[in-house]
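Taking it in order: structure first as structure tokens, then the write-up.
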Amino acid sequence: MKKNWLLVLFIPVMIITGGCWDRTELNQTNLAIAVGLDDLPGDRLRFTVQIPVSQKTPGQTPPSPPFVVVSTTGETFTTAGRNIMLKNPRSILWQHWSANVWGESLARRGLAGLVDEFARNRNVRKTGDVFIARDTTAAEVLSVPTEVERIPGVALTSMIKSEDLYAGIYTRCLLRDFIIRSIKPGIEPAVPGISVVKDPSDRCFLQISGTALFMKGKLVGWMNEEESRGYRWLQPKTVLGGIMTVRCPYCGSPVVLQSLRSQCRITPALQGQEIIMRVKIKQEGFFYEQTCTHPLVTPAMLKTLERESAQLIRQQVLDSVKKAQELGSDVFGFGLALKQHYPQTWDRVGSSWEEVFPAVRVEVDVESKIRRTHLTRRTAVIRY
């Protein structure tokens, strides 16, 4: 009897909910690859979405460029985004949104309201990369065609991934990391910048340029290339890849060392009223390239190069800390470490951390090791 009643209940439910009542046909949609935000006069926002153009059909020439950029305005992120439908005939799928570009002017004005919207909006992909359009607008960045990756939004993500692994200068910032660092006490976001650069033929291209530092949701300044390298060494996770250039002990010519991995540990300490951050970095790498013919692949010379690389890393870290303290932006999480180790001290200084942070003393200890020399154990010398 119970089975019969269950069958009676299930049949209407299956009739009502069956089928694809909320389906969206693929040929009625567009994919969003990147989204840009800029501020406008009157506290308005410009919302820019980058959409790839459909593949060509037989007999047609391929689109050039293979994407379109649609911009609208509004008082809020939501209204500006939904106004896209006033210009675009198709609904937009946001699941492939992989790059967020924010104008420098908007970032300096403040992102407090946007951070809340990003955190609660289910259509905002939290794993997308964040970039600050340096000395330009997000709309202009998303309008610049790129060569290898035909879609600029895809190119931006590929650039920051490959640069982080091979060059080791700038550090990726995902949207979820930006949100967490913005609302968590004792740490601030740091975001790579992207610039529009012209070559000698006046052709524009995109280039990663500097690291933007934030404090209380506002952009307060930039790190240069060397300071950005120092920030990268201070990441709490294992850092993979990157190169370093030191000098030959004999003639001062460049010697390239490839970093395999590095680990950083930050330990706070108290001496009276003074707060000290003790930074310990362990780095391992390879001997990669030399531009002279001096015998550098020897035990004694490798030890010398290890000391040189350790000193280089230490100086880059100190330069990075100096810039952050000048701007009052604790992008390293020193405050968070203090809160975890000395909660009572944090209760006393946490409310004024932006004033305490510049006076924190930082001690840096670096241990660098050259593990391999790749395919040869000696310097190759051409004999005439």
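Readers should treat all values here as calculations from the given coordinates under stated rules, not as data from a laboratory. Here the structure is a predicted model, which is why all the values come from computation and not from measurement. A quick note on method: Cβ atoms are made from the backbone with ideal geometry, for glycine too, and the neighbour counts reach across all protein chains shown.
In terms of the mean number of neighbouring beta-carbon atoms within 10 Å, the peptides 334-346, 190-202, 93-105 order highest first as 93-105, 334-346, 190-202.
Between Asp347 and Gln311, take the C-beta separation as r, use R0 = 41 Å, and let me know the FRET efficiency to the nearest 0.05. Intermediate results must be reported in sequence, preceding the final value.
On the way: r = 38 Å, r/R0 = 0.92.
Working from the Cβ atoms, E equals 0.60.
On full extension, the segment bounded by Val197 and Arg82 gains 38.3 nm, given 0.36 nm per residue less the C-alpha separation. Compared with the direct C-alpha span, the chain from Lys303 to Arg122 gains 59.9 nm at full extension, assuming 0.36 nm per residue. Per-peptide packing, taken as the mean over residues of other Cβ atoms within 10 Å, places 270-279, 68-77 in the sequence 68-77, 270-279 from highest down.
How large is the helix-only mean residue ellipticity at 222 nm for the chain, computed as the sum of -39500 (n - 2.57) over DSSP H runs with n ≥ 4, divided by its residue count, in deg cm²/dmol to the nearest 500? Write out the running numbers ahead of the final one.
Numbers: 12 runs with 124 residues, N = 384.
Value at 222 nm, helices only: -9500 deg cm²/dmol.
You can think of it this way: the chain between Glu226 and Glu289 has 20.6 nm of extra reach, that is 0.36 nm per residue less the Cα-Cα gap. Altogether, the Stokes-Einstein calculation at 37 °C and 0.692 mPa s, with the Kirkwood radius of the stretch 162-318 over Cα pairs as Rh, returns a diffusion coefficient of 185 µm²/s.
When the Cα positions of Trp97, Thr373, Leu327 are compared along the charge dipole of the chain, Thr373 comes out farthest toward the positive end, with charges on each C-beta of Lys, Arg, Asp and Glu.
For the stretch 72-141, state which trypsin sites (Lys or Arg not before Pro) are in a DSSP loop and have at most 11 other beta carbons lying within 10 Å of their beta carbon. Write down the numbers at each step before the final one.
Numbers: sites: Arg82, Lys87, Arg90, Arg108, Arg109, Arg120, Arg122, Arg125, Lys126, Arg134; in loops: Lys87, Arg90, Arg122, Arg125, Lys126, Arg134.
Sparse-neighbourhood loop trypsin sites (Lys or Arg not before Pro): Lys87, Arg122.
Computed across the stretch 258-337, the Kirkwood radius stands at 15.2 Å (inverse of mean 1/r, all Cα pairs).
What FRET efficiency, computed as 1/(1 + (r/R0)^6) with R0 = 25 Å and r the Cβ-Cβ distance, is obtained for Arg172 and Ile276, rounded to the nearest 0.05? List each step's numbers first, then the result.
Values: r = 29 Å, r/R0 = 1.18.
About 0.25, to the nearest 0.05.
For the stretch 129-180, chymotrypsin sites (Phe, Trp or Tyr not before Pro) meeting the loop criterion (DSSP other than H, G, I, E, B) and having at most 15 other Cβ atoms within 10 Å: none. Here is the tail figure for the stretch 149-242: Cα pairs spaced more than 20 Å apart come to 41 percent of all pairs.
If you take the alpha carbon radius of gyration of the stretch 72-113 and divide it by 2.2 N^0.38 Å, what ratio comes out, to two decimals?
Numbers: Rg = 12.3 Å, N = 42, 2.2 N^0.38 = 9.1 Å.
Rounded to two decimals, the normalised Rg is 1.35.
When restricted to Cα atoms, the stretch 102-143 yields an Rg and a Dmax of 11.3, 31 Å, respectively.
Percent of Cα pairs in the stretch 283-384 per distance bin of 5 Å, from zero to the largest separation: 2, 11, 16, 15, 11, 9, 9, 8, 7, 5, 4, 2, 1, 0, 0. When restricted to Cα atoms, the stretch 98-207 yields an Rg and a Dmax of 14.4, 47 Å, respectively. All Cα-Cα distances of the chain, cut into 10 Å bins from zero to the largest, leave 5, 19, 24, 21, 16, 9, 4, 1, 0, 0, 0 percent in each bin in turn.
Based on the Cα gyration tensor of the stretch 287-327, what are the three equivalent ellipsoid semi-axes, each the root of five times an eigenvalue, rounded to whole Å and given largest first? Numbers along the way, then the final one.
Numbers: eigenvalues 186, 22, 7 Å².
Ellipsoid semi-axes (Å, largest first): 31, 10, 6.
Put simply, the amide H of Cys173, placed in the peptide plane, has neighbours under 5 Å in Val130, leaving out anything fewer than 5 places away on its chain.
At a Förster distance of 35 Å, what's the computed FRET efficiency of Arg372 paired with Ala269, Cβ-Cβ distance as r, to 0.05? Walk me through the intermediate numbers first.
Working: r = 36 Å, r/R0 = 1.02.
Plugging the Cβ-Cβ distance into 1/(1 + (r/R0)^6) gives 0.50.
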